[in-house]
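Colleague: Have a look at this one.
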Amino acid sequence: MGNALRCIEASNFLYRRVRLRPELKDRGIFIVNDRKGYMFRLRFTRHEGCVSGIYGMVISISPDAYGNRGGCEREYPSTIETCLLREILLSDSGYPDIYKADFLYDDDEGYYDVRSFKNADKLVEEIIRIADFLLPPSQV
């Protein structure tokens, strides 16, 4: 149980840290996950006419990820995982429900599975890379 709690704590810290990064302003909206405490999601800002199937990203510090396993002998989780999300459907109330989105595996973007990162700076670089992919060609 200690490992899962450390992953939840690390994820909450990461969420607070990355959502305020100035280089991510206008790239998307970060959403705290109310279901599993060790992950949160990002809904990307998409330009009108964007044809990409990428709509969001799950960001996780999962207790079962390599580098995060190990029970009480581990001091702190060391692996951040990301996965892309398909179209974000509307909830019954008419608002986007990012929890209804399916995972998207996209070999062209390097997501044949989850991607792993060892620190917040690398995660931010990845968010920018994907967000830039969603921009209109004139803004890239």
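Each value in this text was obtained by applying a stated rule to the coordinates, not by laboratory testing. Please read all numbers here as calculations on a predicted model, not as lab measurements. Cβ coordinates were reconstructed from backbone atoms using ideal geometry, including for glycine residues, and neighbour counts include every protein chain displayed.
Colleague: Name the aspartates and glutamates eligible as straight-distance cross-link partners of K122: C-alpha to C-alpha under 12 Å, and not fewer than 8 places from it in the same chain.
Modeller: Partners found: E81.
Colleague: On a 0 to 90 degree scale, rounded to 10, what angle separates helix 120-133 from the longest Cα axis of the chain?
Modeller: 20
Colleague: Can you tell me the FRET efficiency between R69 and E48 if r is taken as the Cβ-Cβ distance and R0 is 41 Å, rounded to the nearest 0.05?
Modeller: 0.40
Colleague: Summing -39500 (n - 2.57) over the DSSP H runs of n ≥ 4 in the chain and dividing by its residue number, what mean residue ellipticity at 222 nm do you reach, to the nearest 500 deg cm²/dmol?
Modeller: Per the formula, -7500 deg cm²/dmol.
Colleague: Name the residue, out of P63, P77, P22, whose mean-square fluctuation peaks in a Gaussian network model built on the chain with Cα pairs under 10 Å.
Modeller: Maximum fluctuation in the GNM of the chain, among the listed residues, is at P22.
Colleague: How high is the relative contact order of the chain, given as a whole-number percent (alpha carbon pairs under 8 Å, six or more residues apart)?
Modeller: It comes to 23 percent, rounded to a whole number.
Colleague: Of Y112, Y99, Y15, which is the most mobile in a GNM of the chain whose springs link Cα atoms less than 10 angstrom apart?
Modeller: Y112
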